[in-house]
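The values are calculated or read from the model by the stated rules, or taken from the named source; none is laboratory data. Note that this is a predicted model, so its numbers are computed, not measured. All Cβ positions, glycine included, derive from the backbone under ideal geometry; neighbour counts span all protein chains shown.
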Amino acid sequence: MIQNRKLELITVVAVLGFVIVFLAVNATGSHGFNGSDEVGSQKVAELTGHPVDSFTPLIPQWIPPSAEIESTLFAIQTAIGGVILGFVFGYWFGQKKQTSSR
Amino acid sequence: MEGFLPWQWCIVWWLVAVPFIVLGIIELRSMMRKDREYLPLLGVCGAFIFILSALKLPSVTGSSSHPTGTGLSTICFGVFITSVIGAIVLLFQALLLAHGGISTLGANMVSMAIGGPLAGYAIYRLLKNTSVNIYITVFTVTAVADLITYVITSFQLALAYPAQIGGVMTSFAAFFAIFAVTQIPLAIVEGCVLALVFKYIVQIKPEIIEKLNVFSHEQIAKARMTEGSVASSEVRS
């Protein structure tokens, strides 16, 4: 059974291309890699003439106490997604195996 | 960016978003009542929005941003159900991560969970009945949905903060330069990844794609043949 791996190849090339360009940009410039949200916030401050700190949440919200904790929460978010993905693809795979063996 | 949108605009975007969410919940309930078989696919689509929107990737332009992952769900389930899944993800991020907030949730829903999917869906309808390869369709839809999300975000900010000279459009260009330029490489990568995922779904579970009438039997069969997958060894009823 010959499988066509064209799409896999394209994806790998795209990801690699992304990484290479990223590394090149990273090596040449002095980029902070702030979130675009942060850069956007600065732009708002620039346009309105108010400092970034003067914008406070309209509705009080819980803020992760540190960047460490924040990254944990983001990791949990991806983990939840990953578990669901693995489960469903495994489920489908099992279903397929069963129907083809019958 | 809680607090960065004036409250008037928060209300406007909430009002725009709510009908979509309500329609989405209604659609979701009727679909679930009809057939539980869609639940796994819904899980996969939701999982991808969860994973991709949590990945804050440093982009080539020197700032970082996250993909949205809404394209897959848009193709499989349409705009309204995607809105609901997107809203859940945004709520999670607003409550636990202080990434966005309750007042700006409306605006975020309009850009990520509604506007992006709407644009993606338009592209999908345009390409659906043409001879374009279905994976290219998935790629285009995903990339467009991702990009349009940030176009809308820029527009929302521009409406709230028009520049003193040049007004809304000048502001829009400024915000667009921040968000969308960062987003273009990410959109391309995201499109490739979700097209690949779609390929695996087509390989393992083609009947569900067919049943949802996402693509026709012929299109799926053709994709399976050209991809040289197990299609040849299988007798289709």
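May I ask you to list the residues in segment A:1-35 that are facing another protein chain (nearest Cβ under 7 Å) and at pLDDT 65 or above?
Once the filter is applied, which keeps residues that are facing another protein chain (nearest Cβ under 7 Å) and at pLDDT 65 or above, segment A:1-35 yields A:N4, A:L7, A:E8, A:I10, A:T11, A:A14, A:V15, A:F18, A:V21, A:F22, A:V25.
When you scan segment B:22-43, do you find a residue that is aliphatic (A, V, I, L, M) and touching a Gly at 6+ places or on another chain (Cβ under 6 Å), even just one? Working first, answer last.
Going residue by residue through segment B:22-43, those that are aliphatic (A, V, I, L, M) are B:22-23, B:25-26, B:28, B:31-32, B:39, B:41-42.
Now drop any that are not touching a Gly at 6+ places or on another chain (Cβ under 6 Å), which leaves none.
The answer is no, given that none of the residues of segment B:22-43 is aliphatic (A, V, I, L, M) and touching a Gly at 6+ places or on another chain (Cβ under 6 Å).
Would you confirm, using the coordinates I've provided, whether B:L28 is more than 14 Å from chain A (Cβ to nearest Cβ), part of a helix (DSSP H, G or I), surrounded by fewer than 21 Cβ atoms within 10 Å (Cβ to Cβ) and free of Cβ contacts under 8 Å to residues at least 60 places away in the same chain? Working first, answer last.
Working: more than 14 Å from chain A (Cβ to nearest Cβ): yes; part of a helix (DSSP H, G or I): yes; surrounded by fewer than 21 Cβ atoms within 10 Å (Cβ to Cβ): yes; free of Cβ contacts under 8 Å to residues at least 60 places away in the same chain: yes.
So B:L28 fits the description; yes.
Are any of the residues in segment B:159-166 in a helix (DSSP H, G or I) and either free of Cβ contacts under 8 Å to residues at least 40 places away in the same chain or away from chain A (no Cβ under 13 Å) (or both)? Step through it out loud before you land on a result.
Kept after step one, since they are in a helix (DSSP H, G or I), are these residues of segment B:159-166: B:159-160.
Still in the list and also either free of Cβ contacts under 8 Å to residues at least 40 places away in the same chain or away from chain A (no Cβ under 13 Å) (or both): none.
The answer is no; no qualifying residue exists.
Out of (1) at pLDDT 90 or above; (2) closer than 26 Å to B:Y200 by Cβ; (3) surrounded by 24 or more Cβ atoms within 10 Å (Cβ to Cβ), the odd one out for B:I114 is which?
(2)
Looking only at residues in segment B:123-148 that are under 14 Å from B:L194 (Cβ atoms) and among the hydroxyl-bearing types (S, T, Y), which one is surrounded by the fewest Cβ atoms within 10 Å (Cβ to Cβ)?
Applying the filter and picking the extreme gives B:T140.
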